[in-house]
Amino acid sequence: MSLRNIVTQGDPILNKKCRPVTEFDEKLANLLDDMFETMHNANGVGLAGPQVGILRRVVVIDAEDEDIELVNPEILSQEGEQTGFEGCLSVPGMWGYVKRPQWVKVKAQDRNGAWFETEGTGLTARCFCHEISHLDGHLYTELADRLYTTEELDRMAEEQEDGGEENQ
């Protein structure tokens with residue numbers, strides 16, 4: 001396994017639609033393993049093919065301590081609504097307030113080509129939507145009204161804590 005470079009916003013590869021995976025071989029297995037290692041090393045919860053310069057429909061997710069790999073994923077259904085701050089390894093140091101479904105069901109293939117379905121709520125649902133959007137050339141920044149720096153988020157959290165203590 002090896003670390004891959006993470007492509008950042010401004011690189012045109014992030015705005016391209018990915019092609020389906022058609023060969024389920026050692027090269028694909030190595031890519032998925034590298035993506036997991038790269039994502040964990042960067043303290044991320046999800047990573048998609050184009051984020052490492054590969055225009056293939058592959059996604060890895062580590063939400064709620066469960067490693068999930070999705071090859072050729074598609075969202076089958078979704079329900080509910082959640083809003084919250086979202087970041088991206090390809091948009092370092094920035095966060096946006098984004099609306100996503102609360103529950104998502106996905107159909108995908110595993111590294112060997114077998115089809116399966118999985119579902120998730122909360123952070124997992126958010127990750128499914130976020131990462132699959134990457135495969136179609138979209139970033140979360142398109143859904144956010146504005147972007148916040150990490151410092152702005154920290155300041156907002158402090159103000160919320162201070163306000164909460166004063167009201168007790």
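Just so it is clear, none of the values below were taken in a lab; they were calculated from the coordinates. These numbers were taken from a predicted model, which means no experiment stands behind them. When we count neighbours, we look across all protein chains shown, and the Cβ atoms used for this are built from the backbone with ideal geometry, even at glycine.
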Provide the net charge surrounding Ser2, with neighbours chosen by a C-beta distance below 13 Å and charges set as Lys +1, Arg +1, Asp -1, Glu -1. -2
Let me make sure I get this right: for segment 1-133, a, b and c are the square roots of the gyration tensor eigenvalues over alpha carbons, sorted descending. Under 1.5 in a/c it's rounded, otherwise prolate if a/b > b/c, else oblate. Which is it? oblate
Relative contact order for the chain: what is it in percent, counting Cα pairs under 8 Å that are at least 6 residues apart? 23 percent
Gain upon complete extension [Glu117, Met1; 0.36 nm per residue less C-alpha separation]: 39.1 nm
Just the number, please: Stokes-Einstein D of segment 87-153 in µm²/s, Kirkwood Rh from C-alpha pairs, 4 °C, 1.567 mPa s. 97 µm²/s
Can you tell me how segment 50-121 classifies by the Cα gyration tensor, rounded, prolate or oblate, using a/c under 1.5 as the rounded cut? oblate
Is the C-alpha gyration tensor of segment 4-80 telling us rounded, prolate or oblate? Criteria: a/c under 1.5 is rounded; beyond that, a/b larger than b/c is prolate, otherwise oblate. rounded
